[in-house]
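Have a look at the structure below before the remarks.
The values are calculated or read from the model by the stated rules, or taken from the named source; none is laboratory data. Bear in mind that the values here come from a model prediction, so they are computed numbers and not experimental data. Virtual Cβ from ideal backbone geometry, glycine too; neighbours counted across all protein chains shown.
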Amino acid sequence: MNGKLLLATAGGLGLLKPAPGTWGSLPPAVLAGGLAYVSESAVVGTMVALLALGTAGSILLAPWYEAHFGRSDPGEVVVDEVAGMSLALLLVPWSIDAAAPWWPVVQCGIVFLAFRAFDITKPPPIGASQNLPRGWGVLVDDLLAGLAAAGVAWLVLLAF
């Protein structure tokens with residue numbers, strides 16, 4: 001597998017069926033859930049790096065993946081999901097409570113489900129952002145889904 005395909009498909013996860021976007025959203029969640037037991041700064045640093053990598057990959061590889069897959073927003077390209085999910089995870093609070101050591105896993109699950117719900121349903125303005133040109137539409141809808149997911153996650157987390 002060439003490097004461009006590897007990056008665009010998040011290590012090949014975008015080639016898995018069904019639901020490649022769901023597969024592509026998993027790496028940030030798994031990393032954040034595990035790194036939360038190391039430190040908050042480990043989570044934040046990793047999510048910033050994944051957000052930057054996903055953003056750059058979505059934009060810079062757009063001409064390549066559009067030609068390679070023959071369409072403007074191929075389902076196999078999930079580097080945008082990596083960016084959106086990383087943004088959502090970056091925006092929620094991280095801490096370990098000795099009374100609830102399982103909490104980071106629950107938190108990742110809440111963010112993951114909220115992100116996938118917004119990414120799949122694409123309510124306004126998320127859906128409209130897909131019309132942006134040259135890879136921006138591929139990316140921006142996921143970033144907006146990430147923002148919305150973080151907002152929902154905050155509400156759920158505050159309730160608990």
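What do you reckon, is PHE112 in a helix (DSSP H, G or I), of a type in the set (Phe, Trp, Tyr) and closer than 23 Å to ALA42 by Cα?
yes
Assess whether ALA67 counts as being closer than 17 Å to ASP142 by Cβ and not basic (Lys, Arg).
It is false that ALA67 is closer than 17 Å to ASP142 by Cβ and not basic (Lys, Arg).
Check region 42-61 and report whether any residue there is of a type in the set (Gly, Ala, Ser) and assigned to a loop (DSSP other than H, G, I, E, B).
The answer is no, given that none of the residues of region 42-61 is of a type in the set (Gly, Ala, Ser) and assigned to a loop (DSSP other than H, G, I, E, B).
From the set of residues in region 22-49 that are at pLDDT 95 or above and not hydrophobic (A, V, I, L, M, F, W, C), which is farthest from the chain's Cα centre (by Cα)?
Restricting to residues being at pLDDT 95 or above and not hydrophobic (A, V, I, L, M, F, W, C), the top hit is GLY45.
Do we have any residue at all in region 133-148 that's loosely packed, with under 15 Cβ neighbours inside 10 Å and part of a loop (DSSP other than H, G, I, E, B)?
The answer is yes, given that some residue of region 133-148 is loosely packed, with under 15 Cβ neighbours inside 10 Å and part of a loop (DSSP other than H, G, I, E, B).
Taking the options TRP64, TRP23, name whichever one is over 30 Å from ALA159 (Cβ atoms) and aromatic (Phe, Trp, Tyr).
TRP64
Within region 93-113, can one find any residue that is modelled with pLDDT under 95, in contact with a Leu (Cβ under 9 Å, 6 or more places away or on another chain), buried (at least 20 other Cβ atoms within 10 Å of the Cβ) and polar (S, T, N, Q)?
There is at least one residue in region 93-113 that is modelled with pLDDT under 95, in contact with a Leu (Cβ under 9 Å, 6 or more places away or on another chain), buried (at least 20 other Cβ atoms within 10 Å of the Cβ) and polar (S, T, N, Q).
Select from region 1-40 the residues that are among the aliphatic types (A, V, I, L, M), over 15 Å from LEU89 (Cβ atoms) and without any contact (Cβ under 8 Å) to a residue 24 or more places away in the chain and write down the one among them that is surrounded by the most Cβ atoms within 10 Å (Cβ to Cβ).
Looking at the filtered set, the residue picked out is LEU16.
Quick check: anything in region 75-84 over 16 Å from LEU147 (Cα atoms) and surrounded by fewer than 22 Cβ atoms within 10 Å (Cβ to Cβ)?
yes
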